[in-house]
Structures are given as structure tokens and as C-alpha cells.
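The values are calculated or read from the model by the stated rules, or taken from the named source; none is laboratory data. What you are looking at is a predicted structure, and each value in this text was computed from that prediction instead of being measured. Cβ: placed from backbone, ideal geometry, glycine included. Neighbour counts: every protein chain shown. Protein only, heavy atoms only, side chains kept; ligands, DNA and RNA dropped before computing areas. Shrake-Rupley method; radii C 1.70, N 1.55, O 1.52, S 1.80 Å.
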Amino acid sequence: MLAAMPPPAPRFAQPDDARFRARGDACPGALRLHRADDGALARVRVPGGVLSWEQADGLRELAERLGDGELYLTSRGNVQLRGLGAECGGELASRMYEMGLLPSERHERVRNVVASPLSGLDGLGARDVRPWLTALDALVCASEEAAGLSGRFLFALDDGRGDVDALGADVTLRARADGDVELRIGALDAVVRIPGNEAPRAALLAATAFLDAAAGSGAWRVADLTGGAGPLFDEVVRRLGAAGLPVAPGSVPVPDGAPPALGAVTGPGDTDALSAGLPLGRADAVRWRALTDLARDHGAGELRLTPWRGVVVPGVRRERVPGALDALEAVGLVTGDRSPWSGVGACIGRPGCAKSLANVRGDAASALRAGSPDRALPVHWSGCERRCGHPRGAWVDVVAAPDGGYRVSVVRDGGRREEPVRVADDPVALADAVAAARTPHT
């Protein structure tokens with residue numbers, strides 16, 4: 001339920017603010033902005049990545065009028081607005097409240113939920129997780145305890161296919177074909193099985209158990225707990241039983257981690273879902289309008305933002321699919337693996353980030369123009385050692401070096417990193433080095 005009054009204007013966290021210093025969590029939100037070199041940044045949480053076309057178009061209008069005119073997708077399927085002026089805070093908050101994107105002032109930064117983007121669309125999942133998504137978001141927003149979660153704590157709702165189960169969420173719910181659900185805590189190699197209809201309540205219970213375990217430690221996420229995830233898992237199982245939920249050991253599934261296929265995905269009846277990627281996770285007004293117009297005129301009226309910086313438009317009538325794909329490709333969206341942008345990501349880099357050592361987006365674009373690398377592995381360009389937004393699993397790591405150029409290496413599953421290759425700041429050399437790293441080793 002929406003709050004009775006609109007939220008206050010956004011504010012910037014101050015270094016001497018004791019509340020923020022104690023928690024150490026400067027994660028931005030829609031009401032708490034981040035100062036970047038290109039202006040203020042607002043991060044709008046979009047649980048499950050689900051936006052109505054009206055909400056999506058409203059964000060486009062705000063980006064054009066108050067920011068730099070572009071929308072940026074995050075690795076959690078959220079949206080960032082950049083280049084905001086300090087004076088726009090009140091209007092930004094009021095408009096997002098009106099659009100239904102701020103259901104709770106106190107919870108707006110903790111509504112971090114990823115969900116299988118194709119759930120209920122292609123028949124491959126064990127169940128449609130949308131009811132879980134709606135119920136969990138309502139429970140989180142109604143919980144005073146949940147307001148204490150950090151802006152980094154993450155829930156994942158996997159429909160059984162294993163896509164978002166691989167994202168390393170703090171609490172993961174994975175549907176089973178028999179109607180039950182398996183709950184995982186962090187990356188722990190253990191799950192507990194509970195009835196599927198209790199999934200949202202169990203997820204909130206696990207999150208509040210984390211808050212108790214993390215009290216006074218400064219831990220933002222399960223991985224930060226000094227004792228690891230094991231003791232927390234045991235406590236969650238105990239609390240589930242005490243709450244009257246039947247619990248049983250579950251079999252640990254192997255996450256697939258594959259993003260939705262690009263292009264047309266066969267849907268129910270005579271409709272398909274169209275899956276498109278945003279080059280480097282950003283869209284100007286022309287690209288964003290192409291998606292919202294498609295959802296409004298030919299789709300089911302919604303967009304689903306993915307943790308892989310893509311967008312799924314459900315409900316497109318099958319006879320309109322070829323023309324719709326051509327229209328999306330014509331404005332520069334990625335609709336298939338043939339695009340050189342497929343699997344390529346980057347942080348914001350210069351000039352938006354003061355910590356960045358290079359204009360990584362410009363360098364990535366130059367390298368793509370200079371060569372067409374093998375796409376066996378995703379590649380992520382970073383302006384500094386923080387590697388903001390990098391993928392999970394195996395990927396090619398391209399990091400700007402303090403003395404110029406880049407270091408290129410392969411990160412294997414489990415975080416094993418190969419010896420980096422130093423490459424000069426030259427498009428051809430970078431293209432060759434990235435292509436060699438992305439090619440499978442036999």
C-alpha cells in the first residue's frame with residue numbers, strides 16, 4: 001500500500017552523519033542520492049525488474065528532463081538516473097511516488113529482488129514466481145525490521161531453471177516441480193525444502209534472522225558474516241520450524257546462470273516474448289521509447305528488466321515479431337548473438353566516476369569496432385580495481401591500469417583468476433587481447 005503522503009525530497013549522505021557512518025552503507029537510492037562526477041545519481045529499485053509501460057516511460061521522461069537523458073540498468077535489474085541536478089530532488093521524489101515506484105519511504109533501498117525474467121512466459125520453469133514477487137515485496141515494505149537491511153542485501157526468486165539462483169543472492173528461493181521450494185542462504189552448499197506457498201514468508205524470516213546475526217558486526221550481506229553462512233542457515237531452519245512451517249532437507253541444485261536468449265522467446269498461445277540487450281546497459285530516449293512503445297502497442301503492457309542488463313517485453317503477437325525485432329535492432333538494441341555487443345559490459349568509467357582511470361565505455365566501443373571477438377565468455381570493462389557491476393561465474397576481466405593501458409585476464413568459476421596480460425591503450429591490441437581471452441582454451 002502506498003504511503004499516505006509523498007516522500008521527502010532526496011538527500012545526500014553526509015560523511016559526518018552518525019547513522020550512515022555506523023552502518024557504513026552508502027548505497028544510493030531514489031531518496032538518497034550519490035554525488036558523482038557527472039552529477040547526482042539516483043538508483044530506483046524495481047523488484048523483479050517489472051515495470052508497467054507507463055512507469056518505464058515516466059522514468060524516460062525524468063531522465064530527459066532532470067538528468068543526462070539516458071537510463072542505466074544495473075546487475076540487479078534496477079534503473080539508475082545520472083547527471084541529476086541537486087535542485088531536482090523534490091520533483092524527482094514526487095514523480096516517482098505518483099508513478100508507484102516509492103511504496104515505502106523507509107524501505108525504498110531494501111526492495112532488492114531479482115526474479116527469473118521469463119517466468120510464466122516460456123513454460124520452462126517449475127512455476128510462475130510473480131505471485132511470490134508481489135507477496136515478498138509487500139511483506140518487506142510492511143516490516144519494520146526489514147527496513148534495517150542494507151541497500152546491498154539481495155533476494156532471488158528462481159522459477160526452477162537456475163538462472164537467478166546463480167547470482168549469489170543472500171536469500172534464494174528456487175521452485176521445485178512438485179510445488180515445494182528450496183531456500184538457500186548465501187552461497188552455502190545446503191538448502192532447506194518448504195511448501196511453495198510459504199516462500200515469501202520464509203524469505204522475510206531468513207532476512208530478519210540475518211539482521212540478528214549481523215547486529216553490531218557491520219555486515220551488509222551474508223558473505224560478510226564472521227562465522228559464515230552455516231550458523232545462519234541452522235538458525236533459519238530453526239525459526240522456520242518454530243513458525244510452524246514443515247521443513248525437510250533439500251537436494252542442492254546446480255545453478256545454470258544463463259541469461260534469457262536474445263530475440264523471440266516462444267510464449268503462451270499465439271504470443272512471444274521479445275528479449276533485447278542494452279549495449280553496455282544504457283539506453284537513450286530513442287531506444288527506451290522503442291521498448292515502451294512495443295510494450296504499450298503490441299505487448300502485454302509491461303517490461304521486465306533483467307540482471308544481465310536486458311529487457312524482456314512479454315505478450316507480443318507472433319505475427320508482429322519479425323517487424324518488432326527489426327525495429328529494435330534498427331535503434332541499436334541487441335536482439336541476437338550476432339551483435340558485437342553481446343556479452344559485453346562495463347562500469348560507468350570516466351567522466352562519470354572520479355575513481356575510474358579511463359573512459360572504459362569509449363575504449364570498449366573502439367575495441368569492438370577494431371575486431372569481432374569470440375563470444376564464448378562474457379567480458380567486463382572496469383575503470384578501477386572495484387570492478388563495479390562485473391558478472392558472476394567465468395568472465396574476461398579488462399581493468400584499467402594505473403600506469404595506462406589495461407590488464408586482461410580470465411576469471412574462472414569460483415573466482416580463480418589467471419595471470420593478467422598487460423595491453424597498451426590501443427583499440428586493435430585491446431580487441432586482439434580480449435578475443436584471445438574469450439576464446440575457449442582446449
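I need the peptides 72-82, 329-339 ranked by packing, meaning the mean over residues of other C-beta atoms within 10 angstrom, with the highest value on top.
Highest mean packing first, the order is 72-82, 329-339.
Considering only C-alpha atoms, what is the centroid distance from region 316-361 to region 61-86, in Å?
16
Going by a 4.7 Å Cβ-Cβ cut-off, which cysteines of the chain have no partner at all?
Cys27, Cys88, Cys141, Cys353, Cys384
Report the net charge of residues surrounding Asp256, where surrounding means a beta-carbon distance below 9 angstrom and charges are Lys +1, Arg +1, Asp -1, Glu -1.
-1
Would you mind counting up the charge near Ala327? Only other residues with Cβ under 15 Å from its Cβ, with Lys and Arg at +1 and Asp and Glu at -1.
-1
Taking the highest mean first, how do the peptides 174-181, 308-315 order by number of other beta carbon atoms within 10 angstrom per residue?
Going by the mean number of other Cβ atoms within 10 Å, highest first, we get 308-315, 174-181.
What's the carbon and sulfur percent of region 28-136's accessible surface, probe 1.4 angstrom, rounded to a whole number?
Solvent-exposed carbon and sulfur of region 28-136 make up 46 percent of the total.
Checking the a/c ratio against 1.5 first, then a/b against b/c, what shape does the Cα gyration tensor give for region 228-282?
Because a/c hits 1.5 or more and a/b exceeds b/c, region 228-282 counts as prolate.
Restricting things to alpha carbons, tell me how big region 98-221 is in terms of Rg and Dmax, in Å.
14.1, 45
Quick one: Debye curve from the C-alpha atoms of region 324-383, no solvent, what's log10 I(q)/I(0) at q = 0.29 Å⁻¹?
Calculated log10 I(q)/I(0) at the listed q: -1.14.
Accessible area per residue for region 340-402 in Å², computed with a 1.4 Å probe and the full protein assembly in place, what is it?
40
Percent of Cα-Cα pairs more than 12 Å apart in region 303-349, please.
Here the long-distance tail beyond 12 Å is 70 percent of all Cα pairs in region 303-349.
For Thr226 paired with Lys355, estimate the spin-label separation in nm (one decimal), with each label point 7 Å from Cα along the Cα-to-Cβ line.
2.5
Ranked highest first by the average count of other Cβ atoms within 10 Å around their residues, in what order do 350-357, 193-200 fall?
193-200, 350-357
Could you provide, to the nearest whole Å², the per residue accessible area of region 244-302 with probe 1.4 Å?
42
So what's the net charge close to Ala295: Lys and Arg +1, Asp and Glu -1, counting the other residues with Cβ under 15 Å from its Cβ?
Value of the local net charge: +1.
If the label point is 7 Å along Cα→Cβ of Asp178, which residues in region 228-262 have backbone nitrogen under 18 Å from it?
Those under the cut-off are 245-254.
Using +1 on the beta carbon of Lys and Arg, -1 on that of Asp and Glu, and nothing else charged, what's the dipole of the chain about the Cα centre, debye to 20?
Dipole about the Cα centre, nearest 20: 500 debye.
So, with a 1.4 angstrom probe, what is the percent of accessible area on region 282-381 that is carbon and sulfur?
48
I want to check the label-to-label distance for Val428 and Ala26. Put each point 7 Å from Cα in the C-beta direction and report it in nm to one decimal.
Label-label distance for Val428 and Ala26, simple model: 4.2 nm.
Could you give the alpha-carbon Rg of region 324-442 over 2.2 N^0.38 Å, rounded to two decimals?
Relative to the 2.2 N^0.38 Å estimate, region 324-442 comes out at 1.04.
Given a cut-off of 33 Å, what percent of all Cα-Cα pairs of the chain lie beyond it?
Result: 35 percent of Cα pairs exceed 33 Å.
In region 168-214, carbon and sulfur make up what percent of the accessible area (probe 1.4 Å)?
47
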